[in-house]
Amino acid sequence: MDIKKVFVMGSGQMGAGIAQVSAQAGYDTYMCDISDEILEKAQAKMKKGLDKLVSKEKIDQARADEILSKLTPTTDLGKVSECDYFIEAVPEIEDLKLKIFKDADEAAPEHTILATNTSAIPISLIAGATNRPEKVIGTHFMNPVPIMKLVEIILAYQTNDETHKVTEELMIGFGKEIVTAQDFPGFITTRMILPFMNECMYLFYEGQGTKEDIDKSAKLAFNHPMGPFEWIDFVGIDTILNILKNLHESHGSDRYFPCPIMQQMVNAGHLGRKSGRGFYDYTK
Ligand SMILES: NC(=O)c1ccc[n+]([C@@H]2O[C@H](COP(=O)([O-])OP(=O)(O)OC[C@H]3O[C@@H](n4cnc5c(N)ncnc54)[C@H](O)[C@@H]3O)[C@@H](O)[C@H]2O)c1
């Protein structure tokens with residue numbers, strides 16, 4: 001299958017990054033969100049990132065302009081009718097993802113593959129919301145997308161070989177390394193990392209250590225490039241809470257029971273870097 005146009009739904013942390021790597025790989029790419037303001041913010045952030053690469057002489061200005069010229073922002077999901085590959089990166093809320101897949105399925109041409117960047121929602125369930133379940137697959141990018149090498153490909157129970165093959169080729173074309181996981185909640189990477197983050201929050205919540213000391217331990221004892229609280233703030237506390245709730249419910253295991261501090265922080269609007277405050281303060 002010859003992929004010419006890619007549609008990315010969501011221009012948040014992940015969607016904007018996915019749209020950027022798609023544009024960088026030379027695909028005409030739609031980046032879709034619910035408002036022009038959100039899209040403008042995403043574009044400005046992307047431009048700032050590319051300007052930084054130009055100033056460090058990693059790419060030249062012509063290349064930065066070329067990447068941006070491949071990208072078209074839109075608030076119209078209907079534009080998926082022009083696209084060969086659709087990647088969804090909206091918030092980790094099951095009903096929302098199911099609705100978006102139903103809408104995308106109705107608007108997309110018959111051959112279009114529909115992929116989701118979900119961290120924990122079953123791909124088979126999402127596939128079941130469409131009339132093309134064999135063309136639905138998981139493409140789980142890592143954050144920050146332009147920098148992190150891995151994409152975890154997740155096969156829904158219904159995914160066919162052709163969809164798998166085309167997706168592998170596209171991800172390799174995006175410059176990524178791939179691993180393949182079966183469709184059990186949390187796949188490979190999310191199941192590895194979420195219990196670690198949750199346990200670190202319990203350490204803090206129970207007063208066993210300060211967040212600074214827990215972060216320092218991860219960095220100096222295990223060589224992690226950032227501490228768990230720096231990382232949680234980077235990912236977003238609402239996102240982590242939603243994923244843990246989902247893992248807890250789907251595996252029926254207490255090891256995923258979300259540390260209560262997260263719900264309090266979400267209620268307070270302290271979502272991490274994106275809201276200016278999380279475990280650390282980013283307002284200054
Ligand atoms: N943040 C991470 O580190 C990370 C890593 C891997 C996977 N994921 C997954 O990627 C997905 C997106 O996460 P994110 O961190 O980019 O979230 P985010 O909150 O930063 O961005 C989500 C974007 O989707 C937009 N959106 C588009 N259509 C929407 C609609 N109909 N209703 C509500 N919002 C809509 C929002 O406006 C927002 O810009 C989630 O499924 C998440 O689990 C996140």
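The values are calculated or read from the model by the stated rules, or taken from the named source; none is laboratory data. Everything numeric in this text was worked out from a predicted model, so none of it was measured. Cβ atoms come from the backbone with ideal geometry, glycine included; neighbour counts cover every protein chain shown.
Report yes if some residue within segment 225-233 is out of contact with any Lys or Arg (no Cβ under 6 Å at 6 or more places or on another chain) and over 30 Å from residue 96 (Cα atoms); otherwise report no.
Looking for residues that are out of contact with any Lys or Arg (no Cβ under 6 Å at 6 or more places or on another chain) and over 30 Å from residue 96 (Cα atoms), one finds at least one in segment 225-233, hence yes.
Working carefully through the options 226, 192, 262, find the one that is assigned to a helix (DSSP H, G or I), within 15 Å of the ligand (Cβ to nearest atom) and surrounded by fewer than 20 Cβ atoms within 10 Å (Cβ to Cβ).
That would be 192, the only listed residue that is assigned to a helix (DSSP H, G or I), within 15 Å of the ligand (Cβ to nearest atom) and surrounded by fewer than 20 Cβ atoms within 10 Å (Cβ to Cβ).
Name the residue that is surrounded by the fewest Cβ atoms within 10 Å (Cβ to Cβ), counting only residues in segment 1-34 that are within 16 Å of the ligand (Cβ to nearest atom) and of a type in the set (Ser, Thr, Tyr).
Filtering segment 1-34 for residues that are within 16 Å of the ligand (Cβ to nearest atom) and of a type in the set (Ser, Thr, Tyr), the one surrounded by the fewest Cβ atoms within 10 Å (Cβ to Cβ) comes out as 30.
Cβ contacts < 8 Å: first residue assigned by TED's automatic domain parsing to the domain that holds residue 196, restricted to segment 225-240; second residue acidic (Asp, Glu) and near the ligand (Cβ under 7 Å from one of its atoms), any location; separation 6+ or different chain. Result?
Note: pairs meeting the criteria are 239/92.
Any idea which residue in segment 124-139 is farthest from residue 181 (Cα to Cα), counting only those that are within 14 Å of the ligand (Cβ to nearest atom) and surrounded by 24 or more Cβ atoms within 10 Å (Cβ to Cβ)?
Filtering segment 124-139 for residues within 14 Å of the ligand (Cβ to nearest atom) gives 125-126, 138-139.
Filter again for surrounded by 24 or more Cβ atoms within 10 Å (Cβ to Cβ), leaving 126, 138-139.
Details: 126: 16, 138: 9, 139: 10 Å.
Among them, the one singled out is 126.
What are the residues in segment 274-284 that are within 16 Å of the ligand (Cβ to nearest atom) and farther than 20 Å from residue 210 by Cβ, if any?
Across segment 274-284, the qualifying residues are 274, 275, 276.
Can you confirm whether segment 247-254 contains a residue that is under 23 Å from residue 143 (Cα atoms) and either away from the ligand (no atom under 11 Å from the Cβ) or in contact with a helix residue (DSSP H, G or I) (Cβ under 6 Å, 6 or more places away or on another chain) (or both)? It would help to see each step written out before you state the result.
Within segment 247-254, the first condition is being under 23 Å from residue 143 (Cα atoms), and the residues that meet it are 247-248.
Applying the additional criterion that residues be either away from the ligand (no atom under 11 Å from the Cβ) or in contact with a helix residue (DSSP H, G or I) (Cβ under 6 Å, 6 or more places away or on another chain) (or both) yields 247-248.
Yes: one or more hits.
Only one residue in 110, 106, 88, 57 is within 24 Å of residue 186 (Cα to Cα) and either more than 13 Å from the ligand (Cβ to nearest atom) or buried (at least 22 other Cβ atoms within 10 Å of the Cβ) (or both), so which one is that?
Just one listed residue meets the conditions, 88.
So, in segment 35-45, of the ones that are out of contact with any strand residue (DSSP E or B) (no Cβ under 8 Å at 6 or more places or on another chain) and at pLDDT 95 or above, which residue ends up farthest from the ligand (Cβ to nearest atom)?
Once the filter is applied, the top-ranked residue is 44.
Going through 121, 147 one at a time, which residue ends up being surrounded by fewer than 19 Cβ atoms within 10 Å (Cβ to Cβ), modelled with pLDDT under 95, within 16 Å of the ligand (Cβ to nearest atom) and β-branched (Val, Ile, Thr)?
Step by step, each of 121, 147 is checked, and only 147 is surrounded by fewer than 19 Cβ atoms within 10 Å (Cβ to Cβ), modelled with pLDDT under 95, within 16 Å of the ligand (Cβ to nearest atom) and β-branched (Val, Ile, Thr).
What are the residue pairs meeting all of these: first residue in segment 32-61, first residue among the acidic types (Asp, Glu), second residue more than 11 Å from the ligand (Cβ to nearest atom) and assigned to a helix (DSSP H, G or I), Cβ atoms under 8 Å, and 6 or more apart or on different chains?
As it stands, the answer is 51/64; 60/54, since those pairs meet every condition given.
Which residue out of 167, 139 is under 16 Å from residue 86 (Cβ atoms) and more than 13 Å from the chain's Cα centre (by Cα)?
Checking each option against the conditions leaves just 167.
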